[in-house]
Amino acid sequence: MIRERYIVIGILAFFLWTPLRAQEKETVNWLTFEQLEDSLEQNPKKVFLEFVTDWCTYCRKMDRVVFTKTEVIKKLNDEYYAVRFDAESESEIEFGGKTFVNDQVRKSRNPVHQIAQLLASRDNQFVPPTMVILDDEFNVKARYFEYLDSKKLLQALE
């Protein structure tokens, strides 16, 4: 009787603990540009920038498929400050003593923010998803203008 009670308690504990463990799933610690600036002042570190739009299918796929991989999450959280930025944002961004705005709002069908134009454009055009890797002194080391699966992204982050 006592043994059966322990078995029942063990089974209940397992089923009660499992949903709590699932909620603890790790995610990438995405920062804003303002948080990035504060973090860089405190502790210089490499930077990973992802520029997205809400209409970008591959951006959503990367979010679902790539940025959920344990190895990718660990690499980004341990070695980088990661920033995800909506390239069509209308927000005013204060960074590096400068103010960046989206001066294309109401002038263009897909208005691109100045910060995305500066860091994530190729041939004066922005096409998402775009990823930029910066060293710990904020120098551009690489730009990727395409969907990267987890293997390619991890290679890029090396």
Among the residues in the stretch 91-109, are any of a type in the set (Phe, Trp, Tyr), surrounded by 21 or more Cβ atoms within 10 Å (Cβ to Cβ) and not in a loop (DSSP other than H, G, I, E, B)? no
Is it the case that Glu92 is under 26 Å from Glu158 (Cα atoms), out of contact with any Asp or Glu (no Cβ under 6 Å at 6 or more places or on another chain) and charged (D, E, K, R)? no
When the residues of the stretch 133-142 are narrowed to those that are surrounded by fewer than 19 Cβ atoms within 10 Å (Cβ to Cβ) and under 14 Å from Ile115 (Cβ atoms), which ends up modelled with the lowest pLDDT? Phe138
Can you find even one residue in the stretch 85-97 that is within 26 Å of Glu26 (Cβ to Cβ) and in contact with a Cys (Cβ under 6 Å, 6 or more places away or on another chain)? no
Do we have any residue at all in the stretch 120-137 that's touching a strand residue (DSSP E or B) at 6+ places or on another chain (Cβ under 9 Å) and assigned to a helix (DSSP H, G or I)? yes
In the stretch 37-83, residues that are assigned to a strand (DSSP E or B) and buried (at least 19 other Cβ atoms within 10 Å of the Cβ) total 10
Is it the case, given these coordinates, that Val112 is over 18 Å from the mean Cα position of the chain (by Cα), crowded, with 21+ Cβ neighbours inside 10 Å and at pLDDT below 95? yes
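The values are calculated or read from the model by the stated rules, or taken from the named source; none is laboratory data. Bear in mind the structure is a predicted one, so any value in this text is a computation, not a measurement. So basically every Cβ, Gly included, is an ideal-geometry build from the backbone, and we count neighbours across all protein chains shown.
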